[in-house]
Amino acid sequence: MAIPVKLQVFEGPLDLLLHLIEKNKIDIYDIPIVTITEQYLEYIKQMKEENMDVCSEFLVMAATLLDIKCKMLLPVEENDEGEPEDPRAELVQQLLEYKMARRLSLELRDRQITAASVIYRTRSVLPDEVKSYEVPVDYDQLRGDMTLAGLHEIFKQMLMRQEDRIDPIRSKYGRIEKDEIDMEEKTLFVQAYVREHKSFSFRKLLEKQRSRAELIVTFLIVLELMKSGEIHVSQETIDDDIMITSNVTGEPVAAKEAETDTVIEEIKND
């Protein structure tokens, strides 16, 4: 862990800058950068501490001051909003934050000193009679002019308010559950049904479905199989059933056949 090293009465470059600002009675929001830089560099020349870690911090600040001094000599730059930018703004913000932190540290130190002089008892020394004492309750005063009829009226009003909160329409709805349909499994079922029956009525296929959602999904799968050319759909007249015929020739792939064995068995059982 690093050991804090103090340079005379200053603990860092910001502490030195604040000292110079307060010594010269300068407005922290309008720092005369030339004067402060000269005094700061003069102090560095007089430093007798040879700790390189601490010296480097002061030298970095000196370079920052020189950089700000150079920017002050150049034309003023504008930000995206067209307002002039002050090269000292970032340094002023750092000084304000450091000044606030220093004040808080002094406040905490004073509180620590004050807390060290406080004496308090670790446990209660009250007699048992005092600790067990309870303030008597005057029920007549607590009840006041309230009667049983008044309490009943208040109870009825609370029930009416509770009934008003109930939606007369939505409260009669049953539980709405979402049908979970596995699209891949349903596609596998339809393909297995086509392989098993070769040619069949579309109505017969739909009769196998258990819900409206399954009917819709099955219809979409039939459309997709028509698009891919796996099945052919025909209808003699408008009143006849729609017939579906398989266009798949040859034996199916072994892996796909293994996946559909269970589905085929279910179709046979139906």
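The values are calculated or read from the model by the stated rules, or taken from the named source; none is laboratory data. This structure is a prediction, so every number in the text was calculated from the model and none was measured. FYI the Cβ positions are ideal-geometry reconstructions off the backbone, even for glycines, and counts take in every protein chain you see.
When the residues of region 34-69 are filtered to those that are of a type in the set (V, I, T) and under 15 Å from P13 (Cα atoms), which remaining residue is modelled with the lowest pLDDT? It comes out as V54. Only a single criterion out of (1) out of contact with any helix residue (DSSP H, G or I) (no Cβ under 9 Å at 6 or more places or on another chain); (2) more than 20 Å from I33 (Cβ to Cβ) is not satisfied by R102, namely (1). Of all positions in region 134-154, none carries a residue that is modelled with pLDDT under 85, loosely packed, with under 10 Cβ neighbours inside 10 Å and either under 37 Å from the mean Cα position of the chain (by Cα) or among the basic types (K, R) (or both).
This table checks each residue for (1) surrounded by 11 or more Cβ atoms within 10 Å (Cβ to Cβ); (2) at pLDDT below 75.
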| position | (1), (2) |
| --- | --- |
| E230 | yes, no |
| D240 | no, no |
| I244 | yes, no |
| N247 | yes, no |
| A254 | no, yes |
| T260 | yes, yes |
| I264 | yes, yes |
| K268 | no, yes |
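Against the numbered list (1) outside any loop (DSSP other than H, G, I, E, B); (2) among the acidic types (D, E); (3) modelled with pLDDT under 80, D110 comes up short only at (3). Identify all residues within region 15-42 that are under 17 Å from M72 (Cβ atoms) and not in a helix (DSSP H, G or I); write none if there are none. Within region 15-42, I26, D27, I28, Y29, D30, I31, P32 meet the criteria. Taking the condition among the acidic types (D, E), part of a loop (DSSP other than H, G, I, E, B) and closer than 30 Å to I36 by Cα, does D67 pass? In short, no.
Inside region 186-202, residues that are part of a strand (DSSP E or B) and aromatic (F, W, Y) make up a count of 1. Checking S171, S201 one by one, the residue that is at pLDDT 80 or above and of a type outside the set (A, V, I, L, M) is S201 and no other. Of all residues in region 63-77, those that are closer than 20 Å to I44 by Cβ and assigned by TED's automatic domain parsing to the domain that holds E42 have Cβ atoms under 7 Å from Cβ atoms of residues that are of a type outside the set (A, V, I, L, M, F, W, C) and part of a helix (DSSP H, G or I), 6 or more apart or on another chain, in L65/T37; L65/Y40; L66/T37; K69/T37.
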